[in-house]
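Here the structure comes first, spelled out in structure tokens, and everything after it is commentary.
The values are calculated or read from the model by the stated rules, or taken from the named source; none is laboratory data. Just so we're clear, the structure is a prediction, and the values are computed from it rather than from any experiment. All Cβ positions, glycine included, derive from the backbone under ideal geometry; neighbour counts span all protein chains shown. Accessible surface areas use protein heavy atoms only, side chains included; no ligands, DNA or RNA. Shrake-Rupley method; radii C 1.70, N 1.55, O 1.52, S 1.80 Å.
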Amino acid sequence: MAQHQIQVKVNGTDHKAEVESRLLLVHLLRETLSMTGTHIGCDTTHCGACTVLLDGVPVKSCTVLAVQADGREVTTVEGLEKDGKLHAIQDGFWQEHGLQCGFCTPGMMLTSAALLANNPDPSEAQIRQAISGNLCRCTGYVNIIKSVQYAAAKLRPEAG
Amino acid sequence: MEPRTSAAICGMGHSMKRKEDPRFIRGQGHYVDDIKLPGMLHMDIVRSPYAHAKILAIHTEKALAIPGVLAVITGETLKGFNLHWMPTLMSDTQMVLPVEKVMYQAQEVAAVIATDRYIAADGVEAVEVEYEPLPVVVDPKKALEPGAPVLRTDKAGKTDNHIWHWETGDRAATERAFAEADVTVKQDMYIPRIHVASIETCGCVADFNKTDTHLTVYMTTQAPHAIRTVFALVAGHVGLSEEKIRVISPDLGGGFGGKVPVYPGYVIAVAASVVIGKPIKWVEDRMENLQADSFARDYHMTAELAAKKDGTMTALRIKTLADHGYADAAANPSKFPAGLFSICTGSYDIKTAFTEMDAAYTNKPPGGVAYRCSFRVTEAVHAIERVTDVLAAELKMDPAELRFKNFIQADKFPYKSALGWEYDSGNYKAALEKAMERIGYAELRREQAEKRAKGELMGIGICSFTEIVGAGPSKDFDILGIKMFDSAEIRIHPTGKAIARFGTKSQGQGHETTYAQIVAEELGIPAAHIQVEEGDTDTAPYGLGTYASRSTPTAGAAAAVAARKIRDKAKKIAAYLLEVSEDDLEWEPGKFSVKGAPQKSKTIQELAFAAYTNHPPGMEAGLEAVDYYDPPNLTFPFGSYICVVDIDRGTGEVKVRRFLAIDDCGNIINPMIVDGQIHGGLSMGLAPALFEEISYDESGNISGGSFMDYLVPTAMETPNWETGKTVTPCPHHPLGAKGVGESATVGAPPAIVNAVVDALSHLGVRHIEIPMTPEKVWNILREKGVAE
């Protein structure tokens, strides 16, 4: 199998790797780079546990080849916290009991963070739509929606 | 109930933010697939495309020729160690890997061991298996017909596919009551096969050290201690001895009962590690998870109610047939092969009842385990709550009125049910009244009448369920002979901080927080200072694990009792230090003080320090206790749910407009977590009611075997759950708590079905099977001439 030299910026740090054509981005992150916060929950791109941001856009990293990330920027759950300060979405999930088992949480938070980056004041319907590609089996989504709303309020400029 | 402790202590009743969350929100959870050991190899599994077939040959040469493939393990390999079959928790047997034939589609046929998971998958593709298809049986009714192919030919003398027959209650008295009744109703129901589909699938890392013969298994299990014992019993003959087996259940990405059984993959990985002497990782993918792991339900029921003209229920009779797949691999307490189905008299004072249950083998995966409710309680509640609405329709009574007429009254507890349970406490009337008032029941009925006049379809459904959880008292409850106690061990450190370990295992329920709050409640040590650990059999006390809503009723009780043992010792130390008799001391959370002289006191932290530095002569040093709690009875949480639906006449789509859950789980430890448990439970009630089903065609081919067609609800389909509570403490639990994890999964489906049937009741509809898909509903609308 052909090998490829790639360079991917993950959470602000450049990583070089030699990868097989077929290596999935999720395995590059989890196995090659040992960043296990990105999870795998299915094999048909339905559950969203593996969601990361590729150049700021949520993608399911089980359906992206590592070579497709060459020269691009990836944000994973490990990159949400900055300088020891939790991202508002992380704080929201904690304060509003937006997680139980924690397995869908990284993907759910990244999808939500991307939503808030584009729409600082989403309606409940917009939040539901945005996270509809991320399955959660524990929470019934009610508290996830509250978590996103909490983060939205915290991120809005008037909140200071 | 106002919390008894301050926010700084954070005992019961505080909505403490979860202690486990800081790691999860940073992506620092530690799940089984995150484990990487030096020299670790990967396993992948070859699975059968046939539901029933003879294995003629397994060709492994091409797989073994792939660089990086180290071994292919087959049934013959395991047969060499007599490990090709294993016992189930129900004293049946199931294959680890087949030698002669496969019994369901996706059954494990061989395992490939390789240096990475991609190469292992290549190896799986390269293994060639020759099969000779055999006749397939997928319908349990047909399986029991004379002349049906006998599936378990491995069992000497087995001439049919019948597994067991079980009865409870008084058959003759029930027949008399039905003969004498003014009104009788009868309803067939089928609860389809469904799957827990926790977002993390199952897997393990088996690590056998050939030098010291220790086996460590990191494993997605809800019951690590029981699993260790099972490994020792199953593989003792190949040298695995219980003191050298360590099972570690790391963070679990959901469980819901699906991580109770011992799946063949775990055993093959262990066997491979023992043979090869290297750590072996096996993590199944989603399709394997849905197609081969334990399912739930698959239950055929016929429920009958007898009543007087005024609606007084006089007798209940239910007949059931359970499809267990090719092996009875459920996880029921051993004296209850049909689970706790006999809770089916529900919330009603029905004096006479009889149930008979049978189980059959088919060419489907084994299980019958759980979907956030382990012991057939969901099925029982579906039967009674549906047939109650059928009776209401027959009598032209409002379903709420019929329920009020038959509820067990609050002054009748403890209540002995016709099928033998002693309900601990309840106030069913109060819960339904509260639900009706909050949702505005009378107004909804008016709205429904108006909509009906305009041809719009709106329905209101009620479910007033009684749960039965907290298994269980050792006189009746065991699994493989091991009594169903659970345990807590608490150690107070000299600086007044503590570690508490438990025989249970959280899968998201928040044990690290709630157990800490229980200890805080009893000892006044801040919950923030109490480290909770579970899941490591080398350190935690023995327990049966977390399923069937048993953690709070059993291990939670053990935590309270162990903490009280510690408080008793602390009191002796306080008496010594304050130079008074123990009788002169009084307790408030966090300190003992002298009666009448409150300035003379010792805090629990001071007493902890003294336990190691200045303990009374003649007393052992240290401050710790362990408790193995044997509950005196089960607990009986209950609730009343009301669901409002609108049905689209053009598409048949059911829209849940509102869903209100009033739950009573006794005293509450953490209200935020209880609410979260109910939200999740409701979603896992919505799912089978409207979306999820695993079915098979006549050849035994699965449908619903991936997330492409197994429809786990997203945020788009899930309504905004409304919750509320009544509090009726459990009289026998040390904290008055009952457990809550599964109530909503049990209570939600009949509320939703009752609402949909109610929307169509004026058209003569009396019952709809779940899942109530748009297609199914639209066909009914078309049949009744109201489809648009």
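Whole-Hz Karplus values for segment B:459-468 come out as x, 10, x, 10, 9, 10, 9, 10, 8, 9 Hz, taken residue by residue from phi with 6.51 cos²θ - 1.76 cosθ + 1.60 and θ = phi - 60°; glycine and proline positions read x.
Given the DSSP H assignment, sum -39500 (n - 2.57) over each helix run of at least 4 residues in chain B and divide by its residue total; what's the result at 222 nm in deg cm²/dmol, nearest 500?
Working: 19 runs with 214 residues, N = 788.
Helix-only estimate at 222 nm: -8500 deg cm²/dmol.
Excluding ligands, DNA and RNA, the accessible surface per residue across chain A is 39 Å² with a 1.4 Å probe.
Each Lys or Arg adds one and each Asp or Glu subtracts one; over the other residues with Cβ under 13 Å from the Cβ of residue B:92, this totals +1.
For segment B:505-516, 3J(HN,Hα) computed residue by residue from phi via the Karplus equation (6.51, -1.76, 1.60; θ = phi - 60°) reads 7, 5, 10, x, 6, x, 4, 4, 8, 5, 5, 4 Hz, glycine and proline entered as x. Rounded to the nearest 0.05, the FRET efficiency derived from the C-beta distance between residue B:175 and residue B:141 at R0 = 35 Å is 0.90. Comparing Cα centroids, segment B:406-427 and segment B:16-44 end up 44 angstrom apart. Ligands, DNA and RNA excluded, the heavy atoms of residue A:131 present near 0 Å² of accessible surface to a 1.4 Å solvent probe. Over chain B, Cα pairs under 8 Å with separation of 6+ residues give a relative contact order of 16 percent. With a cut-off of 18 Å, note down the residues of segment B:172-205 whose backbone N falls inside the zone around a label point 7 Å from the Cα of residue B:351 toward its beta carbon. Inside the label zone: B:172-184.
For chain A, the mean residue ellipticity at 222 nm estimated from helices alone is -8000 deg cm²/dmol, where every DSSP H run of n ≥ 4 contributes -39500 (n - 2.57) and the total is divided by all residues, rounded to the nearest 500.
Explain nothing, just the number: dipole magnitude of segment A:88-159 about its Cα centre with +1 on each Lys and Arg Cβ and -1 on each Asp and Glu Cβ, in debye rounded to the nearest 20. List each step's numbers first, then the result.
Working: 5 positive and 5 negative charges, 33 e Å.
Magnitude of the dipole: close to 160 debye.
Pairs from the table (B:155/B:483; B:36/B:278; B:79/B:244; B:572/B:595) lying more than 18 angstrom apart at Cα are B:155/B:483; B:79/B:244.
Would you mind classifying the protein assembly as shown by shape? Square roots of the alpha carbon gyration tensor eigenvalues, ordered a ≥ b ≥ c; an a/c under 1.5 is rounded, otherwise it is prolate if a/b is larger than b/c and oblate if not. Rounded, since a/c falls under 1.5.
For segment B:190-231 versus segment B:64-126, the spacing of their alpha-carbon centroids is 16 Å. The label point for residue B:394 and the one for residue B:533, both projected 7 Å from the Cα toward the Cβ, are 5.9 nm apart.
In nm, what is the difference between 0.36 nm times the number of residues separating residue B:99 and residue B:160 and their Cα-Cα distance? Can you show the working numbers first?
Details: separation 61, 0.36 × 61 = 21.96 nm, distance 2.17 nm.
Roughly 19.8 nm would be gained on extension.
Charges were assigned to the Cβ only: +1 to each Lys and Arg, -1 to each Asp and Glu. The resulting dipole of the protein assembly as shown about its Cα centre is roughly 1140 debye.
How big is the dipole moment of chain B about its Cα centre under a simple scheme where the beta carbon of each Lys and Arg is +1, that of each Asp and Glu is -1, and everything else is neutral? Debye, nearest 20, please. Each step should come with its number before you reach the end.
Details: 81 positive and 103 negative charges, 230 e Å.
Using only the charged Cβ atoms, the result is roughly 1100 debye.
Pairs to check: B:405/B:451; B:17/B:655; B:186/B:784; B:497/B:569. Give those whose C-alpha atoms are more than 24 Å from each other in this structure. Going by Cα-Cα distance, B:405/B:451; B:17/B:655 fall outside the 24 Å limit.
With point charges of +1 on the Cβ of Lys and Arg and -1 on the Cβ of Asp and Glu, referenced to the Cα centre of chain B, which listed residue (B:321, B:700, B:427) lies farthest in the positive direction of the dipole? After comparing all options, I get B:427. When the solvent-accessible area of segment B:70-224 is split by element, carbon and sulfur atoms take up 50 percent of it, the probe being 1.4 Å. Using a probe radius of 1.4 angstrom, the carbon and sulfur fraction of the accessible surface of segment A:3-77 is 48%. Surface calculation, 1.4 Å probe, protein heavy atoms: residue B:19 sits at approximately 60 Å² accessible.
Could you check the spin-label model distance between residue B:565 and residue B:699? Points 7 Å from the Cα along Cα→Cβ, value in nm. About 6.0 nm separates the two model spin labels. Rounded to the nearest Hz, the phi-derived 3J(HN,Hα) couplings of segment B:341-353 under the Karplus curve 6.51 cos²θ - 1.76 cosθ + 1.60 (θ = phi - 60°) are 4, 6, 6, 5, 6, x, 8, 10, 7, 9, 6, 10, 7, where x marks glycine and proline. Could you tell me the distance between the Cα centroids of segment A:1-37 and segment B:239-290, to the nearest Å? With segment A:1-37 and segment B:239-290 each reduced to a Cα centre, they are spaced 28 Å.
Suppose the chain between residue B:722 and residue B:183 were pulled fully straight at 0.36 nm per residue; how much longer would it get relative to their current alpha carbon spacing? Don't jump to the answer; show the numbers that get you there.
On the way: separation 539, 0.36 × 539 = 194.04 nm, distance 3.59 nm.
Between residue B:722 and residue B:183, full extension yields an extra 190.4 nm.
Taking all protein chains together and a 1.4 Å probe, the residues B:693, B:588, B:775 rank B:775, B:588, B:693 from largest to smallest accessible area. Considering only beta bridges that DSSP places wholly inside segment A:3-77, some 90 percent are antiparallel. Placing a label point 7 Å from the Cα of residue B:30 along the Cα-to-Cβ line, no residue of segment A:74-96 has its backbone N under 12 Å from it. Would you please give the FRET efficiency between residue B:214 and residue B:115, computed as 1/(1 + (r/R0)^6) with r the Cβ-Cβ distance and R0 = 22 Å, to the nearest 0.05? Efficiency at R0 = 22 Å is approximately 0.40. Beta bridges from DSSP with both residues in the protein assembly as shown: antiparallel share about 80 percent, rounded to the nearest 5.
Label separation (residue B:709 vs residue B:82): 4.3 nm, computed from points 7 Å beyond Cα along the C-beta direction.
Label zone of residue B:452 (point 7 Å out along Cα→Cβ, amide N under 19 Å): in segment B:390-432 this covers B:390-403.
Enter the buried accessible area of the B/A pair, total of both sides, probe 1.4 Å, in Å² rounded to the nearest 100. Before the final figure, lay out the partial values.
Details: alone 28560 and 8460 Å², together 32590 Å².
Answer for the B-A pair: about 4400 Å² buried.
Put simply, the amide H of residue B:531, placed in the peptide plane, has neighbours under 5 Å in B:498, B:499, B:500, leaving out anything fewer than 5 places away on its chain. With contacts taken as Cα pairs under 8 Å and at least 6 residues apart, segment B:343-411 reaches a relative contact order of 52 percent.
Burial here means at least 40 square angstrom less accessible surface with every protein chain in place than with the chain by itself, probed at 1.4 Å; in segment B:678-710 the buried residues are B:679, B:707, B:708.
Going from most exposed to least, what order do B:679, A:87 have by accessible area with a 1.4 Å probe? All intermediate terms of the calculation are to be shown ahead of the outcome.
Working: B:679 5, A:87 50 Å².
Ranking B:679, A:87 by accessible area, largest first, yields A:87, B:679.
Per-residue surface analysis assigns residue B:12 an accessible area of about 10 Å², computed on protein heavy atoms at 1.4 Å probe radius.
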